[in-house]
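We did not get these values from a lab; they are worked out from the coordinates using the rules stated. The structure presented is a predicted model; accordingly, all values stated were derived computationally and were not measured. No Cβ is skipped: glycine too gets one built from the backbone with ideal geometry, and neighbour counts run over all protein chains shown.
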Amino acid sequence: MITTFHGTTILAVRKHGRVAMGGDGQVSIGDTIMKGHSVKVRALKGGRILAGFAGSVADALTLFERFEEKFDRYPGNLTRAATELAKDWRSDRYLRRLEALLVVADMDHVFLLSGTGELIEPDDGVLAIGSGGTYALAAARALLPDERLSARDIVERSMAIAAEICVYTNSHLTVLELPTA
């Protein structure tokens, strides 16, 4: 079972040869908002990969480093790098204790990775994690068929909807895109 982390929402959308990933800026501990302008999505490997996290920041940063090591070992192969990280995360005693979920994406794939060994690629190119993830996912899937909307438009609108519903998600967004302009 994949754990839902309270305190963030990350959404990735692939559409018409573009990928957009957005994350809200709220950091909560319990029922207290500690920070409102955090950045939970980033470009990795010279802007070829987008990654976002939900959960412990320190744990996520450790996982980003491990993911980049795997991608260096399997250059240009996001699927293999993600698979190898998921295997290590599941079997390594230290990594198993890390409390975070990752979403990684390139131009061809979007993956969710978890410490329980999950490696999930959605059929429709839309993936969300975090406490507002189900709201953002539902909104994105509803907006996906609208040909007038880009991947970025869908991320921005869906994240706004999630922020209106989820108390652990705010409307300060960071949205990154592939290919980069």
(request) Output the number of the condition that Phe67 fails; it satisfies all remaining conditions of (1) assigned to a strand (DSSP E or B); (2) crowded, with 17+ Cβ neighbours inside 10 Å. (result) (1)
(message) Scan the stretch 100-116 and tell me whether some residue there is among the aromatic types (Phe, Trp, Tyr) and either surrounded by fewer than 16 Cβ atoms within 10 Å (Cβ to Cβ) or over 27 Å from Arg48 (Cβ atoms) (or both).
(response) no
(request) Quick one: in the stretch 22-53, of everything that is of a type in the set (Val, Ile, Thr) and surrounded by fewer than 18 Cβ atoms within 10 Å (Cβ to Cβ), which residue is nearest to His109 (Cα to Cα)? (result) Val39
(request) Check Phe111 against each of (1) assigned to a loop (DSSP other than H, G, I, E, B); (2) among the hydrophobic types (A, V, I, L, M, F, W, C); (3) more than 21 Å from Gln26 (Cα to Cα) and name the one condition it does not meet. (result) (1)
(message) I'd like the full set of residues that are of a type in the set (Gly, Ala, Ser) and within 16 Å of Thr8 (Cβ to Cβ), limited to the stretch 141-173.
(response) Ser158, Ala160, Ala162, Ala163, Ser171
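A quick yes/no check of all residues on (1) in contact with a strand residue (DSSP E or B) (Cβ under 9 Å, 6 or more places away or on another chain); (2) aromatic (Phe, Trp, Tyr); (3) buried (at least 19 other Cβ atoms within 10 Å of the Cβ); (4) assigned to a loop (DSSP other than H, G, I, E, B):
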| site | (1), (2), (3), (4) |
| --- | --- |
| Ile129 | yes, no, yes, no |
| Thr134 | yes, no, no, no |
| Ala140 | yes, no, yes, no |
| Arg148 | no, no, no, yes |
| Asp153 | yes, no, no, no |
| Ala160 | yes, no, no, no |
| Ser171 | yes, no, no, yes |
(message) So in the stretch 137-174, with the set limited to residues that are in contact (Cβ under 8 Å) with a residue 40 or more places away in the chain and small (Gly, Ala, Ser), which one is farthest from Gly30 (Cα to Cα)?
(response) Ser150
